[in-house]
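Here is the structure we will look at, set down as structure tokens.
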Amino acid sequence: MSTGPGADSAPAPTTHDTPVHPRKSSMFSSLRIRNYRLFATGAVVSNTGTWMARITQDWLVLSLTGSSAAVGITTAMQFLPMLLLGLYGGVIADRFAKRSLLFCTQGAMSVSGLFLAALTLSGHVQVWHVYLAAFFTGLVTVVDNPTRQSFVSEMVGPDQVRNAVSLNSANFQSARLIGPAVASVLTAAVGPGWAFLANGLSFLAPLTGLLLMRPAELHPTPRKPRGKGQLREGLEYVSRHPELIWPIVLVGFVGTFGFNFPIWLSAFADDVFHGGVGMYGLFNTLMALGSLAGALLAARRGTSRLRLLAGAAVAFGVLQIVAAFAPELWMFVALIVPIGILGLTVNVTANSSVQMATDPEMRGRVMSLFMMVFTGGTPLGGPLFGWLADAYGVRISMAAGGLVCALAAVGVGLMLARAADLRLQVDLRRGRQHVRFVPRKRELTTAA
């Protein structure tokens, strides 16, 4: 079932423009698989609860402290375990049955949500309680993330991995459309505790879906027996494949410097446009709308090209800079949707590229590295950009993040071209493609 390096099926991409998977599929083709339908149905319920809790958590911390930096610390606490322990989560995901692991992790997340709900509804919640719940959730996520990512291929098989990854993102972003709106209404009407309660109960849906799956219809990958050096083996594997390492490097930059929207959007809603929690919910809904569109567009694409990854990341950073200095609310709102489209395009393209270029027995460790650099940079980026927002204003903070993302995307694009033995060609003549990558050998042939 592998399409990764060294597999017996289609070889992994090794050039800058080679498609990750050449077969075409309909937008919702992976939903024809029963086990994946159960997984997706449970996920949309729990994702809705997660987004309700996430929006409520950010606003609760801002209300308790009045500080954007405190929101950044909350985000950092949630993602710090991934930064410190993320690779070990991949070793666990490769060693044990993934369906059984997901029973444990999803149940633990339910307990975390119910804990925060009890404190908030009883009126005893303090900011350190939120930090503690965020940190515990982060610990569980260390194992849950790589397990869920690699379990996708076990549910759908190799032909549908790219489509299923895209639909997972569409699922998450669909919930992001519903969750903030419901959370805003609940918080304004009866307080934040009910949103946390809904999150805790929402995990019953994925637990039920896992229970109803048919094990005989799964495509289990070989489990890695316990042994020494498995963590180092995963790192060495990635280091030998530039089609893996450079997309992972890029999502690390984007995750650390570009995905600090809880800080930026809450500050724009509160400090710049003075709209309160309702406007913050609107901003998140618009961002989710763009991300959902990006996920559905990715599901329609039959291939994932690495040049698309670099180009989308450049555009993502540039639009962030433009949005940061938007003088009017309508301009800022108009830019949120395309930023969401581009951000999701970067994430899905990198995710599917890495999964399809990895051998099945290594996928848990590779995806743990992917998720570690994508979300693990948040403990660094969250407090940094929260401090920038407090000290120099949210506009400077957001623009700085966009600039780093754009520069990193240009650098990674050039490294991918170099690894594929390509060069950048600029042609300003009318009717020609002005900027493109071409093989270096073509230049030598012409010169001869």
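The values are calculated or read from the model by the stated rules, or taken from the named source; none is laboratory data. The structure displayed is predicted, hence computed values, not measured ones. Because the Cβ atoms are built from the backbone with ideal geometry, glycine has one as well, and the counts that use them run over all protein chains shown. Side chains included, ligands, DNA and RNA excluded: accessible areas come from the protein's heavy atoms. Shrake-Rupley method; radii C 1.70, N 1.55, O 1.52, S 1.80 Å.
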(request) Could you tell me which numbered condition residue 120 fails, if it satisfies all but one of (1) open to solvent by 60 Å² or more (accessible area, probe 1.4 Å); (2) more than 24 Å from residue 44 (Cα to Cα)? (result) (1)
(message) Just to check your reading of the model, which residue among 326, 293, 312 is small (Gly, Ala, Ser) and crowded, with 21+ Cβ neighbours inside 10 Å?
(response) 312
(message) As an exercise: evaluate residue 253 against (1) open to solvent by 10 Å² or more (accessible area, probe 1.4 Å); (2) assigned to a helix (DSSP H, G or I); (3) over 28 Å from residue 372 (Cβ atoms) and give the number of the one condition it does not meet.
(response) (3)
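To keep it simple, each residue is scored yes or no on (1) touching a residue at least 40 places away in the same chain (Cβ under 8 Å); (2) surrounded by fewer than 24 Cβ atoms within 10 Å (Cβ to Cβ); (3) among the charged types (D, E, K, R).
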| residue | (1), (2), (3) |
| --- | --- |
| 333 | yes, yes, no |
| 366 | yes, no, no |
| 372 | yes, no, no |
| 392 | no, yes, no |
| 406 | yes, yes, no |
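Okay, residues lined up against (1) surrounded by fewer than 23 Cβ atoms within 10 Å (Cβ to Cβ); (2) of a type in the set (Phe, Trp, Tyr); (3) in contact with a strand residue (DSSP E or B) (Cβ under 9 Å, 6 or more places away or on another chain):
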position: 148; (1), (2), (3): yes, no, no
position: 151; (1), (2), (3): no, yes, no
position: 155; (1), (2), (3): no, no, no
position: 164; (1), (2), (3): no, no, no
position: 177; (1), (2), (3): yes, no, no
position: 180; (1), (2), (3): no, no, no
position: 184; (1), (2), (3): no, no, no
(message) Looking only at region 262-276, how many residues end up being in a helix (DSSP H, G or I) and surrounded by fewer than 22 Cβ atoms within 10 Å (Cβ to Cβ)?
(response) 4
(message) So the check is Cβ under 9 Å with 6+ separation or different chains; which pairs have a first residue in region 233-260 that's without any contact (Cβ under 8 Å) to a residue 24 or more places away in the chain and a second one that's in a helix (DSSP H, G or I) and open to solvent by less than 20 Å² (accessible area, probe 1.4 Å)?
(response) 245/238
(request) With the checklist (1) open to solvent by 20 Å² or more (accessible area, probe 1.4 Å); (2) free of Cβ contacts under 8 Å to residues at least 60 places away in the same chain in hand, flag the one item residue 339 doesn't pass. (result) (1)
(request) Hand me the list of helices (runs of 4 or more DSSP H) wholly inside region 351-448 holding 1 or more residues that are at pLDDT 85 or above. (result) 378-392, 394-419
(message) Given the condition under 29 Å from residue 373 (Cα atoms), assigned to a loop (DSSP other than H, G, I, E, B), open to solvent by 50 Å² or more (accessible area, probe 1.4 Å) and free of Cβ contacts under 8 Å to residues at least 12 places away in the same chain, answer yes or no: does some residue in region 202-224 qualify?
(response) no
(message) Looking at (1) modelled with pLDDT under 90; (2) more than 22 Å from residue 377 (Cβ to Cβ), which one does residue 113 not meet, given that it meets all the others?
(response) (1)
(message) Can you confirm whether residue 256 is within 30 Å of residue 411 (Cβ to Cβ), modelled with pLDDT under 90 and of a type in the set (Ser, Thr, Tyr)?
(response) yes
(request) Examine region 9-30 for a residue that is of a type in the set (D, E, K, R) and modelled with pLDDT of 80 or more, and state whether such a residue exists. (result) no
(message) Looking at (1) modelled with pLDDT of 90 or more; (2) of a type outside the set (A, V, I, L, M, F, W, C); (3) closer than 30 Å to residue 278 by Cα, which one does residue 56 not meet, given that it meets all the others?
(response) (1)
(request) Tell me which of these residue 65 doesn't satisfy, since it passes every other one: (1) within 20 Å of residue 385 (Cβ to Cβ); (2) polar (S, T, N, Q); (3) surrounded by 22 or more Cβ atoms within 10 Å (Cβ to Cβ). (result) (3)
(message) Residue under question is residue 42, and the condition is that it be open to solvent by less than 30 Å² (accessible area, probe 1.4 Å), under 29 Å from residue 292 (Cα atoms) and at pLDDT below 80; does it hold?
(response) no
